[in-house]
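Enquirer: Would you mind keeping the following structure in view while I ask a few things?
The values are calculated or read from the model by the stated rules, or taken from the named source; none is laboratory data. Since the structure is predicted, the reported quantities are computational estimates derived from the model, not experimental observations. Positions of Cβ are generated from backbone atoms using ideal geometry, with glycine treated the same way; all protein chains shown enter the neighbour counts. Ligands, DNA and RNA are excluded from the accessible area calculation, which covers all protein heavy atoms including side chains. Shrake-Rupley method; radii C 1.70, N 1.55, O 1.52, S 1.80 Å.
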Amino acid sequence: MKEIRIGLVGAGWMGKAHTNSFVNALLNFGPESGKPVFEVVSDVSTEAAEQACKQLGYSRWTTDWQEVVQDEKVDIVDIATPNAFHYEVAKAALENGKHVYCEKPLTLSAEQSTELAELAKQKGVVNYVGYNNVMNPANAYIKDLIESGKLGQIIGFSGTYAQDSLLDPSLPITWRHINKYSGSGALGDLGSHLLSVSQFLLGNIESVNTLAKTVIKKRPASPGSTELADVENDDLIAILAEYENGAIGTISSSRVAAGRKNYLTYEIQGTEGTVYYSLERMNEVNVYFTSDDSADRGFRTVFLGPDHKGYSAFYPAAGIAIGYNDMKVLEANELLSAVSKGTPYTCDFEFGAQIDQTVSAILESAAQKSWITVKNKGGVIA
Ligand SMILES: NC(=O)c1ccc[n+]([C@@H]2O[C@H](COP(=O)([O-])OP(=O)(O)OC[C@H]3O[C@@H](n4cnc5c(N)ncnc54)[C@H](O)[C@@H]3O)[C@@H](O)[C@H]2O)c1
């Protein structure tokens, strides 16, 4: 069995989620895709690095990410830091010939992401971005519905990714509120997931027009502090989009939407049917076909099951609920398989760069309050 050695950079929520996914990829898929070995973990926080090393089972820890990208034993550099550090860590890892697994969004700008996509291609290594919603068996099914023509010509996409995770104004400033660390607010954090799904299913977006708002303009500068600091980016954003295939999109995202917890929800309308999906009811896909007898027409709920790509790694029968971490397990397995066997994957750095090209046009259109054409470089996604 081929051993694949992981060097993790960033030991927060996603660092833990990635490690969990590698372990479970092995348990659910078996050793054919390689056996992950947890070589080294780094974090700028000594406490976080040391604790992650013990709790997650890495052989050693460091506070210097350069050691990880230069470590001869490391096969995959796994980047789970705040967004601002993705570029320099990924670039150094690629220059050292490492396979790279990077959390989304790939970088802070379309230019940086395009540069990384080109470098990764030159180096011929696996380059994977953590847009895990693309791995959701529901989306494989929805893509099949679109490509089989069952929904007819696709004319509309309407989606939102809304949470109330930052509705409380007493929550302090974090890296997510400061552009030099995050690049944008709700858009990059949540909206980029919605864009990844929409572009996976419908293809590239051609042009956008946007309204964006910072609802809570100041927050405590640190936990418990009475000093306030500026929130620099969007709490709430609404986008009108035209896709290259002619479909029209209404896309929005919010981190201050009261009552919404993980409301990644979208509807795709075609001339012969509609599909509606919400991540808050992750195992249910709702479909409507105009080809049904008129007396029977109505939305039907399809529960995810072994007929849907990826599901059977977890359960042998339909309707046994899969969850968020399972998308990450499917992602980790696809990555390990690409490294050990050269199998194809969707969310490469070119895909990540195309999402960042859309994000960049959205930010420009919000600033100018006008239509902006997306500078789509590289291939068409879908
Ligand atoms: N795919 C998803 O569903 C999903 C979900 C959440 C976050 N994310 C992405 O994952 C990334 C991390 O988010 P998170 O929620 O885990 O953040 P987090 O704040 O929980 O963890 C980030 C960790 O990185 C460490 N860190 C900061 N700078 C570093 C550096 N230069 N070198 C090494 N370590 C450093 C911090 O100390 C912290 O422990 C972000 O890019 C975010 O957008 C993706």
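Enquirer: Carbon and sulfur together cover what percent of the accessible area of the range 1-127 at a 1.4 Å probe radius?
Expert: Carbon and sulfur together cover 48 percent of it.
Enquirer: Then there's this: To the nearest 0.05, what FRET efficiency results for Lys369 and Lys16 with a Förster distance of 41 Å applied to their C-beta separation?
Expert: 0.50
Enquirer: If each residue of separation counts as 0.36 nm, what is the full-extension length gain between Leu240 and Lys377 once their alpha-carbon separation is subtracted?
Expert: 47.2 nm
Enquirer: Could you give the accessible area per residue of the range 92-224, probe 1.4 Å, as a whole number in Å²?
Expert: Ligands and nucleic acids excluded, the figure is 36 Å² per residue.
Enquirer: Nearest 20 debye, what's the magnitude of the dipole of the range 217-280 about its Cα centre given +1 on Lys and Arg Cβ and -1 on Asp and Glu Cβ?
Expert: It comes to approximately 400 debye.
Enquirer: Hey, got the dipole for the chain? About the Cα centre, +1 on K and R Cβ, -1 on D and E Cβ, debye to the nearest 20?
Expert: The dipole of the chain has a size of about 300 debye.
Enquirer: Checking the cross-link filter: which aspartates and glutamates have an alpha carbon closer than 20 Å to that of Lys217, excluding same-chain neighbours under 8 positions apart?
Expert: Of all the aspartates and glutamates, those that pass the test against Lys217 - Cα under 20 Å, at least 8 places apart if same chain - are Asp164, Asp168, Asp189, Glu227, Asp230, Glu232, Asp234, Asp235.
Enquirer: Also, I was wondering about something else. Put a dot 7 Å past each Cα toward the Cβ at Gln51 and Glu88; how far apart are the dots in nm?
Expert: Going from the Glu88 label point to the Gln51 one covers 2.5 nm.
Enquirer: For the pair Arg297 and Lys2, how long in nm is the line joining their label points, each one 7 Å along Cα→Cβ?
Expert: 5.2
Enquirer: Please enumerate, by chain and number, the aspartates and glutamates with C-alpha under 15 Å from the C-alpha of Lys377, excluding those fewer than 8 residues away in the same chain.
Expert: Glu111, Glu115, Glu118, Glu206, Glu244, Asp348, Glu350, Asp356
Enquirer: Another question, if that's okay. How much mean residue ellipticity at 222 nm does the chain get from its helices, if each DSSP H run of length 4 or more adds -39500 (n - 2.57) and you divide by all residues, to the nearest 500 deg cm²/dmol?
Expert: That calculation yields -10000 deg cm²/dmol at 222 nm.
Enquirer: Sticking with this one: Could you tell me the center-to-center distance, by alpha carbons, between the range 33-83 and the range 215-284 in angstrom?
Expert: 32
Enquirer: Output the relative contact order of the range 3-133, whole-number percent, from Cα pairs under 8 angstrom with separation of 6+ residues.
Expert: 23
Enquirer: Where in the range 145-165 does the label zone of Thr271 land, with the point 7 angstrom along Cα→C-beta and an amide N cut-off under 17 Å?
Expert: 146-157
Enquirer: Pairs of lysine in the range 64-191 with Cα under 19 Å and at least 8 positions apart or on different chains: total?
Expert: Value for the range 64-191: 11.
Enquirer: Below 8 Å between Cα atoms, with a sequence gap of 6+, how large is the relative contact order for the chain in percent?
Expert: Once normalised by length, the contact order is 20 percent.
Enquirer: Also: Calculate, for Glu284 and Glu147, the FRET efficiency according to 1/(1 + (r/R0)^6) with r their C-beta to C-beta distance and R0 22 Å; round to the nearest 0.05.
Expert: Rounded to the nearest 0.05, the efficiency is 0.55.
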